[in-house]
1. What accessible area per residue comes out for segment A:211-459, rounded to a whole number of Å², with a 1.4 Å probe?
2. Under 8 Å for C-alpha pairs, at least 6 residues apart: give me the relative contact order for chain A, rounded to a whole percent.
3. Contour minus end-to-end for A:S210 and A:S33, with contour as 0.36 nm per residue of separation and end-to-end as the Cα-Cα distance?
4. Efficiency by 1/(1 + (r/R0)^6): what FRET value for B:I76 and B:D43, r their Cβ-Cβ distance, R0 = 22 Å, to the nearest 0.05?
5. Classify chain A from the C-alpha gyration tensor, please: rounded if a/c falls under 1.5, else prolate or oblate depending on whether a/b exceeds b/c.
6. Set the Förster radius R0 to 35 Å, insert the Cβ-Cβ distance between B:A162 and A:R266 as r into 1/(1 + (r/R0)^6), and round the FRET efficiency to 0.05.
7. Run the paramagnetic zone check for A:T174: 7 angstrom along Cα to Cβ, then residues of segment A:36-70 with backbone nitrogen under 20 Å.
8. Restricting to Cα atoms and excluding each atom paired with itself, what does the Kirkwood estimate give for chain B in Å?
Amino acid sequence: MSLSLILGTLSILTAIGFYMGRSRALVSADGDSHRLHSRPHYYGYYVAIWCGLPSIMFFGLWLAFEPNIVTSLLIDSLPAAQQQLGDAELGLLLNDIRNLARGDVTSREAGPELMAAAGYYNSLLQTSKLVLAAIAATLAVAGITFARTRIVPEMRARNFVEKVTMAALVVCSTIAILTTIGIVISLLFESIRFFQKVSPIDFLFGLEWSPQTALRKDQVGATGLFGAVPLLAGTMFISLIAMCVAAPVGLLAAIYMSEYASPRVRAWVKPALEILAGIPTVVYGFFAALTVAPFLRGTGADLGVDISSESALAAGAVMGIMIIPFVSSLSDDVIRAVPQSLREGSYGLGATQSETIKQVIIPAALPGIVGSLLLAVSRAIGETMIVVMAAGLAAKLTINPFEAVTTVTVQIVTLLVGDQEFDSAKTLAAFALGLMLFCVTLVLNVIALTVVNKYREQYD
Amino acid sequence: MQAANTVLIEEAEPATHTNAPPKVSARDVCVYYGDKQALFDVDLDIHAHQVTALIGPSGCGKSTFLRCLNRMNDTIDICRVEGRIVIDDEDIYARHVDVVHLRARVGMVFQKPNPFPKSIYDNVAYGPRIHGLASGKDELDDIVETSLRRAGLWDEVKDRAAEPGTGLSGGQQQRLCIARAIAVQPEVILMDEPCSALDPIATARIEELIDELREQFTIVIVTHSMQQAARVSQKTAFFHLGVLVEEGDTEQIFTTPKDDRTQAYITGRIG
């Protein structure tokens, strides 16, 4: 009996419950729906909820715990010698049994014992499904029966349904919040483990980043220095270059779109600019690495300037292009939110359009524009793919845009790519860097949202 | 402040200029919003140093006509104006006319107070600054003070001119907007229902102010309130469905209207 069949049956039972509940309600009111407390379909939902909710919740719980229960039953059935095996070997053995049961390739000779275990495993799964189906169906039918008996015209079915709906909404929003909290907590705990190995002072104020820890005592060049300053400086530097590109271009584009462009032009230009935001960052990344960086290096060579092929300039400029739509789209919205009466007031005094924009519109929209710029900055700080491909790996503390710099995100990627042991300072450093990045962008976002909200209050 | 008072005294007896040429003269003015015609062949003369009230039910075209006088309708893409509007012998819709200069001569006060998000001082100084009316800080200070005094706001704001204009009360904001308009030293001031967002006391202040201002400016006011038109204006024009039905001395319009529609409107039967 397959899981989808069980689920399908439960759905059909729920639907049947809906119709039974509705007709039952009508019958109980002698066919006069006005005698009912709620509209008839609420009684339908009432029965459907009693039928579907417990059985499907049971279904989910069963699936969540089934593997553990089945596995422990399987281990109990194994010969004592095998039960004494270490965790790793036992895990391998169980894996083989599962593979054999599914008909996959196994890592060892499939002896009769193994075959028997696999057969037992399969029969366990079969039984489990049957039991699940039986209990779920019973719950569903019991739900229908119970709910039907409770239907009387005075019953407040609507209130019940609305409460359940609200509970479902609460659960959904809680899932999002809990996930965020979970991620933050995991970052926090791993960072604490890191800070037990490396002092926070060294991490926050150290000027050297060289995360290779020595595997052997006599290894050369594996100092294990975890000073995050060069990374943070690199991140800030590249974000600054990006904002130097994105802020003026995005802002001027926003002013054009909101103040000068005719509605028809705007209808084309705005979506076209927003397409920029739809380009995958990896595409920007190889665009930066394969087109912009060589071009800059070539131009630099012609001018007699030495530009590294992985320069901060190339990565920052391409990142700037990527965040133009964030600046332009948000700024366009806030500029358009400036009341028309202010524009007319200024025109009415004989101001030209550009005087109006410079002296009335921009000052009025300034908080919102600042907010959009801050959101763009936090976007730039968290950006990974472009810098991984175009910014380089060497942690250098420099303000020369022609040199390669590295960023927090690049280092997190390099720390975690490849085979890693998850208890060395090197890998744990990734969590500390992630936490730091999270804090920086969080603060920026909070500031940006506060600024934007303050602006909203002014005109609504 | 001496200067302003002298001006007031000099012009304390405004001439009615019944024989003088009109300050503003509109002929055959038609306005279209897209395909829809909003005004039909309006002919109206507006005389200097008088308050001309435009009255009529909602959607009758009185605001549209007002906005023709400083070409504010230019800011609406689909709006098209036909006919001839002459201010002091100059056709304001002629090709060579710069709307920026026109709007400096024909100021406007709007229905809802719309102070800029700047300080009270900067709100008033905005127009003089963009038109270069003051050659120095002192002169600008003088213009701001004179304008605020003339708008009857000086005593209330002199100690807080650096505070934002949006922090004033509605009536104060509207007087600030009037100060802002007269700081540019226009010849004509257009007022589009300037009291509709204000309480009765603030309205009374503004009405008093309008009566004082007509000594120096030519004022055209759109109003929904017939009492207000009767109180502040010398001439009244009644619009109905895009047509100028009747115009004349305010007293005549309100006591012996010639047209049945005017009669019906002022007695409250239409509109």
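1. Values: 11240 Å² over 249 residues.
With the other protein chains kept in place, segment A:211-459 gives 45 Å² per residue.
2. Working: 581 pairs, mean separation 71.5, N = 460.
The normalised contact order for chain A reaches 16 percent.
3. Values: separation 177, 0.36 × 177 = 63.72 nm, distance 7.63 nm.
Full extension of this stretch gives 56.1 nm more.
4. Values: r = 23 Å, r/R0 = 1.05.
FRET efficiency, B:I76 to B:D43: 0.40.
5. On the way: a/c = 2.85, a/b = 1.26, b/c = 2.26.
The shape class here is oblate.
6. On the way: r = 38 Å, r/R0 = 1.07.
Between B:A162 and A:R266 the formula returns 0.40.
7. Only A:49-50, A:52-65 fall inside the zone, counting backbone N under 20 Å.
8. Details: mean 1/r = 0.0523 Å⁻¹.
For chain B, the Kirkwood estimate is 19.1 Å.
The values are calculated or read from the model by the stated rules, or taken from the named source; none is laboratory data. Owing to the predicted nature of the structure, the values given are computational and were not obtained by experimental measurement. Note that we place each Cβ from the backbone using ideal geometry, even for glycine, and neighbour counts take in every protein chain shown. Quick note on the areas: whole protein, heavy atoms, side chains included, nothing else; ligands and nucleic acids left out. Shrake-Rupley method; radii C 1.70, N 1.55, O 1.52, S 1.80 Å.
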